[in-house]
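Structure first, then comments.
Values in this text are rule-based calculations from the coordinates and carry no lab data. Everything numeric here is computed off the predicted structure, so don't read it as measured data. Cβ placement follows ideal geometry from the backbone for every residue including glycine, while neighbour counts extend to all protein chains displayed.
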Amino acid sequence: MKKIEAILIILAFGVSLLSCKKNDDDTNLPSLSGFSINTATPFVREGTTQVFRLDLSGLTTSDRSTPGPLGVAWHITGSARDTVTLDVKTSNPPFSVTLDKAGNYTVTCFLFSVDEKYYGTSVTTSFSVINPETALEGLDGDEIITIDGHPYFALHAGGLTWMGQNLYGTLVGRDYKDCEVVSDIFGRYYTWEEARSVCPDGWRLPTAQEFDTALGSVAGDLMANARFQGIEMWPYWPQVKITNAFKFNAIPTGYMDLTTESLMYGYQDYACWWTADELEDVDMGVFRYLYKDQPVIMKGKGSKTSLALNVRCVKEISED
C-alpha cells in the first residue's frame, strides 16, 4: 500500500513539473510592441468616414528576434472583432468606419502572432460622432439674433447687447482641435490681435470695465448647466452655484497656447474671453475668465499673439 502511495506521489509530482514547465513556457513568450495607429479626429459629424492605418515602422520584440507572420484585427465599440489580414508583410489594408449614430466610440487594433510564438498586443483611439444641432443641451436665452447668417442667443446688460454664445463662423481663428464640426458649439479661438477686429459689422469687443459693470463678479451667474453629448460640461463644486442668471451661457471650452504642440488646454476647466483692453508696456491683452471651482469671475492677462481665447462681441442697444 505504501509502495502504491509512493508511486502516486511521484506521478503527481511529475505532472506538476510538466504543468509548471508548460506554464513557464507560456509566460516566457516574447512580446510585440512599438506599433501604432493614427489618432482619430476627436469630433466628427454624423456620416463622416474615419480611416485608420496600422504603422509597423517602430515594431520591436522583447527578445529582439524577427517575428513570423503577424495578423491584424480591428474592433470598434459595438461591433465584433474582425481579422483583416494574417500577414502584414504582404497585406496591411486600412480600416474605415462610417457612423450615422451620435455617440462615443473606441477603435482598437489587435496585433498578434499567427504562429502563436509571441504575445499579442493592442492600441486604441477614441472619438465622438456628433450632430451639432443636438449635441449641446442646456443653453438658455430670451432672444435669438442672426449675425452674418449665424444664429446666436442674445442678452442685454449694461446698456449693451451681448452675444449669448461664443463667436464662430469667421474666416480667422481656430477650431477646437481642428474640429470644424464643434465650431458653432464651442466658438472659435482668437489671439488678442485677431479678436480686436474680428467682430461683425456693428459689433465690437467689450472693454474690461464694461464686462465687469454689466456682468458683475459672480461666476455662476454666467455659467450654463449645459451637457455636451450627455455629459455635464461644468463639474460639480459646492462653492459654485450655477444659475446662468444673465443667460450668458458660459461653457468651459478652455484655451489655446500657440507656443506649444499640444495647443489646447483647460477643456471642462476654463471659460475665457478677450476684452478690448491691453497692457502696452508688456504687450499683453486683458481677459476675463471662469475656473470650474472658483465662485468669482477672474481677471487675467496674456500674450496678444500666442494665447487664443473665445470672444463675445457687444453693440450699443438701439433706441429704435
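Observations on the model:
- Set against the 2.2 N^0.38 Å expectation for a compact globular protein, the chain has a Cα radius of gyration ratio of 1.44.
- The label-point distance for Ser96 and Asp63, in a model that sets each label 7 Å from Cα toward Cβ, rounds to 4.0 nm.
- As a rough guide to protection, the peptides 203-213, 235-245 ranked by mean Cβ packing within 10 Å, highest first, stand as 203-213, 235-245.
- Of Arg81, Arg196, Arg64, the one that fluctuates the most in a GNM where the chain has Cα springs shorter than 10 Å: Arg64
- Note on the range 135-227: Kirkwood radius taken over Cα pairs, Stokes-Einstein applied at 10 °C and 1.306 mPa s, translational D equal to 110 µm² s⁻¹.
- With contacts taken as Cα pairs under 8 Å and at least 6 residues apart, the chain reaches a relative contact order of 14 percent.
- Estimated distance in nm for a label pair at Thr41 and Ser122, the labels positioned 7 Å out from Cα along Cα-to-Cβ: 2.6
- Looking at the chain, the DSSP beta bridges with both ends there are about 90 percent antiparallel.
- Computed from label points 7 Å out along Cα-Cβ, the spacing between Asn28 and Asp281 is 7.3 nm.
- Val172-Ile317 FRET efficiency (beta carbon distance; Förster radius 22 Å; 0.05 resolution): 0.25
- The range 83-192: radius of gyration over Cα atoms, expressed as a fraction of 2.2 N^0.38 Å: 1.70
- Stretch gain in nm, segment Asp293-Leu56, where the contour uses 0.36 nm per residue and the Cα spacing is subtracted: 80.9 nm
- Ellipticity at 222 nm from helices only: DSSP H runs of n ≥ 4 in the chain, each -39500 (n - 2.57), divided by the residue count, give -4500 deg cm²/dmol.
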